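Beneath this line is the structure, given in structure tokens, with notes to follow.
The values are calculated or read from the model by the stated rules, or taken from the named source; none is laboratory data. Values in this document were obtained by computation on a predicted structure and should not be read as measured data. In this analysis, Cβ positions are derived from the backbone assuming ideal geometry, glycine residues included, and neighbour counts consider all displayed protein chains.
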Amino acid sequence: MLILFLKAAILIPITLLPILNPLGIAPVFANLLGNVSRKTEKKIARQVAINCWFMLVGAIFIGSHVLSFFGISLPIVRVGGGLLVAVSGWKLLSNNSQDSAIPNQVAKTYDEDLPDEEIKARSFYPLSFPLTVGPGTIAASITLGANTPTRLLDWVISVGSAAFGAALTALAIFLCYNYAQKLVNLMGRLGTMVVLRLSAFILLCIGIQIFWSGAAALLAEAGISGVAP
């Protein structure tokens, strides 16, 4: 039983972390965070990890039920979410004001601590969603939770393993984001600009890919030949 628990728990981070890619998103996180103190950066990174844990667990256990209640299919989620991710990537890619802000961001940070309410507000949009947990992650999480067992003991094991696996995933997010500013300082101005632009472009491409996978599935459901999801 313990082996089954650990296998199920490890399956979640192995499946989701390549989609989440917190290490690659860390420079984007640092740029969106702006010039804040080390204490505030740690608080926001922790809050983002907590937000992501709740979203992952919610998607695993109730995501399919919510979609079914509203009559929304996974391809629709991919289309809408892909557009949202693509728009976020395009904004980051086309915002030239970031380049002039990078030297100051690398050189110094503000010492003032943000209030807790401001930290919670900043941590969700766009840092937690859609930057970290996007539609691709949500769709994968819903798929992982699609076959939840009905027997009580199996259900308890499933809940525990999913919560533990999501916690491991959230821990990886926290570690990457907690040291995002140090990573930016280590790379310097040029390295940060290059990584930021590349990450924004990859984010744009991911959004388009998610959108297309959803659109292709909808077209295939409509019976249009030659289109595969």
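Which condition number does Leu83 fail, the rest of (1) surrounded by fewer than 16 Cβ atoms within 10 Å (Cβ to Cβ); (2) modelled with pLDDT under 90; (3) in a helix (DSSP H, G or I); (4) in contact with a helix residue (DSSP H, G or I) (Cβ under 9 Å, 6 or more places away or on another chain) being met?
Here Leu83 meets the rest and fails (1).
If we scan region 195-202, do we find a residue that is buried (at least 20 other Cβ atoms within 10 Å of the Cβ), in a helix (DSSP H, G or I), of a type in the set (Gly, Ala, Ser) and at pLDDT 90 or above? Let's see the steps before the verdict.
Filtering region 195-202 down to residues buried (at least 20 other Cβ atoms within 10 Å of the Cβ) leaves 196, 199-200.
Filter once more, so that each one left must be in a helix (DSSP H, G or I): 196, 199-200.
Subsequent filtering for residues that are of a type in the set (Gly, Ala, Ser) retains 199-200.
The next check asks that each one be at pLDDT 90 or above; those that pass are none.
No, there is no match, as no residue in region 195-202 is buried (at least 20 other Cβ atoms within 10 Å of the Cβ), in a helix (DSSP H, G or I), of a type in the set (Gly, Ala, Ser) and at pLDDT 90 or above.
Give me the pairs, please: first residue somewhere in region 32-59 and without any contact (Cβ under 8 Å) to a residue 60 or more places away in the chain, second residue anywhere and buried (at least 16 other Cβ atoms within 10 Å of the Cβ) and of a type outside the set (A, V, I, L, M, F, W, C), beta-carbon distance under 6 Å, and either six or more positions apart or on two chains.
Between residues of region 32-59 that are without any contact (Cβ under 8 Å) to a residue 60 or more places away in the chain and residues that are buried (at least 16 other Cβ atoms within 10 Å of the Cβ) and of a type outside the set (A, V, I, L, M, F, W, C), there is no close pair.
Yes/no matrix, rows are residues, columns are (1) modelled with pLDDT under 85; (2) surrounded by 13 or more Cβ atoms within 10 Å (Cβ to Cβ):
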site: Glu41; (1), (2): no, yes
site: Ala49; (1), (2): no, yes
site: Ser64; (1), (2): yes, yes
site: Ser68; (1), (2): yes, no
site: Leu74; (1), (2): yes, yes
site: Gly89; (1), (2): yes, yes
site: Leu93; (1), (2): yes, yes
site: Ala101; (1), (2): yes, yes
site: Asp116; (1), (2): yes, no
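Of everything in region 26-39 that's of a type in the set (Gly, Ala, Ser) and in a helix (DSSP H, G or I), which residue is surrounded by the most Cβ atoms within 10 Å (Cβ to Cβ)?
If we filter region 26-39 for residues that are of a type in the set (Gly, Ala, Ser), which is where we start, we get 26, 30, 34, 37.
This time we only want the ones that are in a helix (DSSP H, G or I), so: 26, 30.
On the way: Ala26: 24, Ala30: 27.
Step by step, filter region 26-39, then rank; the result is Ala30.
Read through the list (1) modelled with pLDDT under 80; (2) surrounded by 14 or more Cβ atoms within 10 Å (Cβ to Cβ); (3) polar (S, T, N, Q), then give the number of the only condition that Ser161 fails.
With respect to (1) modelled with pLDDT under 80; (2) surrounded by 14 or more Cβ atoms within 10 Å (Cβ to Cβ); (3) polar (S, T, N, Q), Ser161 is out only on (1).
Being assigned to a helix (DSSP H, G or I), surrounded by fewer than 19 Cβ atoms within 10 Å (Cβ to Cβ) and at pLDDT below 80 is the requirement here; does Leu175 meet it? Break it down stepwise before answering.
Details: assigned to a helix (DSSP H, G or I): yes; surrounded by fewer than 19 Cβ atoms within 10 Å (Cβ to Cβ): yes; at pLDDT below 80: no.
Spelling it out, it is not the case that Leu175 is assigned to a helix (DSSP H, G or I), surrounded by fewer than 19 Cβ atoms within 10 Å (Cβ to Cβ) and at pLDDT below 80.
Any idea how many residues of region 59-86 are closer than 24 Å to Leu203 by Cα and either over 19 Å from the mean Cα position of the chain (by Cα) or not basic (Lys, Arg) (or both)? Break it down into steps so the answer makes sense when it comes.
Filtering region 59-86 down to residues closer than 24 Å to Leu203 by Cα leaves 59-60, 63, 73-86.
This time we only want the ones that are either over 19 Å from the mean Cα position of the chain (by Cα) or not basic (Lys, Arg) (or both), so: 59-60, 63, 73-77, 79-86.
The qualifying residues number 16.
Got a sec? Which of Leu204, Leu198, Leu218 is over 23 Å from Val57 (Cβ atoms) and without any contact (Cβ under 8 Å) to a residue 60 or more places away in the chain? Please lay out each step first, then the result.
Working: Leu204 fails: without any contact (Cβ under 8 Å) to a residue 60 or more places away in the chain; Leu218 fails: without any contact (Cβ under 8 Å) to a residue 60 or more places away in the chain.
None of the other options fit; the residue is Leu198.
Being more than 19 Å from Ile25 (Cα to Cα) and assigned to a loop (DSSP other than H, G, I, E, B), is that true of even one residue in region 122-139?
No, region 122-139 has no match at all.
Write out, first by first residue and then by second, each pair whose Cβ atoms fall under 7 Å of each other, whose residues are 6+ apart or on separate chains, and whose first residue, in region 1-25, is within 20 Å of Ile210 (Cα to Cα) while the second is loosely packed, with under 14 Cβ neighbours inside 10 Å and modelled with pLDDT of 75 or more.
Pairs that qualify, where the first residue is within 20 Å of Ile210 (Cα to Cα) and the partner is loosely packed, with under 14 Cβ neighbours inside 10 Å and modelled with pLDDT of 75 or more: there are none.
Show the residue pairs meeting these rules: Cβ distance below 6 Å; 6+ apart or different chains; first residue within region 170-181 and among the aliphatic types (A, V, I, L, M); second residue surrounded by fewer than 23 Cβ atoms within 10 Å (Cβ to Cβ) and modelled with pLDDT of 95 or more.
Listed pairs, sorted by first residue: Ala170/Trp53.
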